[in-house]
1. Of Leu11, Ile70, Phe60, which is farthest on the positive side of the dipole of the chain, counting Cα position, with +1 on Lys and Arg Cβ, -1 on Asp and Glu Cβ, and the Cα centre as origin?
2. Tell me which residues come under 5 Å, amide H to amide H, from Ser3 once H is placed; ignore anything under 5 positions away on its chain.
3. What size of dipole, in debye to the nearest 20, comes out for the chain about its Cα centre when the only charges are +1 on Lys and Arg C-beta atoms and -1 on Asp and Glu C-beta atoms?
4. Please work out which option in (1) 1.23; (2) 1.81; (3) 0.98 gives Rg/Rh (Cα atoms, Kirkwood Rh) calculated from these coordinates, and answer with its label.
5. Relative contact order for the chain using alpha-carbon pairs under 8 Å, separation at least 6, rounded to a whole percent?
6. Compute the FRET efficiency between Asp59 and Lys82 as 1/(1 + (r/R0)^6), taking r as their Cβ-Cβ distance and R0 = 22 Å, and round to the nearest 0.05.
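Just so you know, all these numbers are worked out from the coordinates, no wet-lab data involved. What you are looking at is a predicted structure, and each value in this text was computed from that prediction instead of being measured. Counting neighbours? That spans all protein chains shown, and the Cβs are built from the backbone with ideal geometry, glycine included.
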Amino acid sequence: MLSKQEVDLGLAFLRQIAIDENAVVSPVSVLFALTMVQNGAKGKTKEQIDSIIYKGQPDFVITSYYSTLIQEISRDKEILTKIANGFFLK
């Protein structure tokens, strides 16, 4: 189950998408992407992400939580779920 901070962030993100554009965005996918950024971040960036979503939880707790969340999302075999996030640097 998502925390209040995660739900609030997902809803805020969806509100920022331009109404006149066609877009499909998953708030859960955004959270997974932020978790990847948080895992590689240091200093102020890491502190900012932690303060907004993770409230100072240790990295291993965050990683374990999202690993469990992915398993829960994928548990129902009647529903095909694929989550893919990536970062591409030039």
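1. Phe60
2. Residues meeting the criterion, in which the H sits 1.01 Å from N, do not exist here.
3. 280 debye
4. Computed from these coordinates, Rg/Rh (Cα atoms, Kirkwood Rh) corresponds to label (3).
5. RCO, the chain: 29 percent.
6. 0.30
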